[in-house]
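So the structure is just underneath, and the comments pick up after that.
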Amino acid sequence: MSGEEEKGKTKKGALGRLLAALLIVWFILYTTAFVLARMDVGRNFIRGWMEKQLGLELEIEATSLALPFEIVMDRVESKGFQFGIKPGFKASEIRISPRLFSPTHVSVLRGELTLVRGEDGTWTPTGFSRLGDIPLRNLTEVSRVTRTFRKEMTFHLTEGSIAWLDKTELEIASAYGISFDVLPASIPERTLYYHHLVVYNMLGVDGMRVHDVEREWLSSDSKDYIEINRSGKPIPDSGRQFWEITE
């Protein structure tokens with residue numbers, strides 16, 4: 001065997017040992033994080049981070065990790081929350097999946113949110129205040145809200161509900177059975193974002209109800225709404241300003 005062949009084998013052997021060592025280190029770190037995530041110290045750390053993101057005091061029943069690296073929170077609820085009565089948020093499950101070379105993915109199962117408009121017109125909880133004006137405008141407002149996170153995060157909501165209350169805590173609008181997705185669209189040489197919204201039942205600010213509505217659209221930094229699909233039951237005349245964007 002020549003000297004060059006021996007050197008090549010030595011390099012391959014060293015690379016293999018390095019990869020094996022890195023795999024062992026990763027396994028140890030992951031196992032440690034997996035254990036800590038299920039303990040009070042891990043749950044308290046995750047809760048503190050979430051409270052800073054949402055501006056709410058939260059209770060989280062359980063936390064864990066799922067492969068490859070996904071933070072799982074079960075039964076998340078803001079203190080004193082009552083859907084449709086007091087401002088706040090809850091979810092049966094929240095999953096956050098950080099990714100090295102693509103946006104973080106966040107999924108929420110059975111999320112419930114109540115927004116209350118104050119005397120000064122601002123909405124609480126403040127962490128969700130950008131959602132406050134959606135029923136007062138139209139679907140383009142949804143795209144304006146996603147501008148704040150869609151470059152860094154993809155989002156998936158299943159079985160969501162939102163109630164909007166006025167300053168006297170009377171309901172002015174609500175939506176139930178919400179499914180919503182936003183993610184980058186694979187279009188060459190363009191930066192576009194795909195939105196998919198399904199609402200089972202919505203009460204508009206005009207008191208009219210809309211059922212089983214589905215919309216799919218694209219948006220960019222220069223165009224908020226490019227519709228690609230609409231389906232569902234007919235929209236009452238009073239609801240078309242919100243659901244049927246013609247621009």
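No value in this document is a laboratory result; all are computed from the given coordinates. All values derive from a computational prediction rather than experimental measurement. Every residue, glycine as well, gets a Cβ built from its backbone with ideal geometry; the counts of neighbours run over all protein chains shown.
For the pair residue 220/residue 93, report the inter-label distance in nm, with labels modelled 7 Å from Cα in the Cβ direction.
The modelled label-to-label distance comes out at 3.7 nm.
Summing Lys, Arg as +1 and Asp, Glu as -1, what charge do residues with Cβ under 12 Å from the Cβ of residue 107 carry, residue 107 excluded?
-2
Gain in length, residue 181 to residue 104, computed as 0.36 nm per residue apart minus the alpha-carbon separation, to one decimal in nm? Let's see the in-between values first.
Details: separation 77, 0.36 × 77 = 27.72 nm, distance 1.35 nm.
Taking residue 181 through residue 104 to full extension adds about 26.4 nm, to one decimal.
Quote the FRET efficiency, to the nearest 0.05, computed for residue 205 versus residue 151 with a Förster distance R0 of 22 Å and r equal to the Cβ-Cβ distance.
0.10
Whole-Hz ³J(HN,Hα) for each residue in the stretch 201-213, computed from phi via Karplus 6.51 cos²θ - 1.76 cosθ + 1.60 with θ = phi - 60°, x for glycine and proline: what do you get?
8, 9, 9, x, 5, 8, x, 7, 9, 10, 10, 6, 10
Using each residue's phi in the stretch 150-164, evaluate 6.51 cos²θ - 1.76 cosθ + 1.60 at θ = phi - 60° and report the 3J(HN,Hα) Karplus result to the nearest Hz, with x for Gly and Pro.
Rounded to whole hertz, the list is 5, 6, 9, 8, 9, 9, 9, 10, 10, 6, x, 9, 9, 10, 10.
Residue separation times 0.36 nm, minus the C-alpha to C-alpha distance between residue 130 and residue 169: what's the value?
Details: separation 39, 0.36 × 39 = 14.04 nm, distance 1.84 nm.
Using 0.36 nm per residue and subtracting the Cα-Cα distance, I get 12.2 nm.
Any idea how far the Cα center of the stretch 74-91 sits from the one of the stretch 98-164, in Å?
15 Å
So how strong a dipole does the stretch 56-243 carry about its Cα centre when Lys and Arg Cβ are +1 and Asp and Glu Cβ are -1, to the nearest 20 debye?
360 debye
From the phi of every residue in the stretch 72-82, what ³J(HN,Hα) in whole Hz does the Karplus formula 6.51 cos²θ - 1.76 cosθ + 1.60 yield, where θ is phi - 60° and glycine or proline is x?
Listing the rounded values in order: 10, 10, 9, 6, 9, 8, 6, 5, x, 6, 9 Hz.
Quick check: convex hull of the Cα atoms in the stretch 56-243, volume per residue, rounded to a whole Å³?
Working: hull volume 23.3 nm³, N = 188.
In the stretch 56-243, the Cα hull volume divided by residue count equals 124 Å³.
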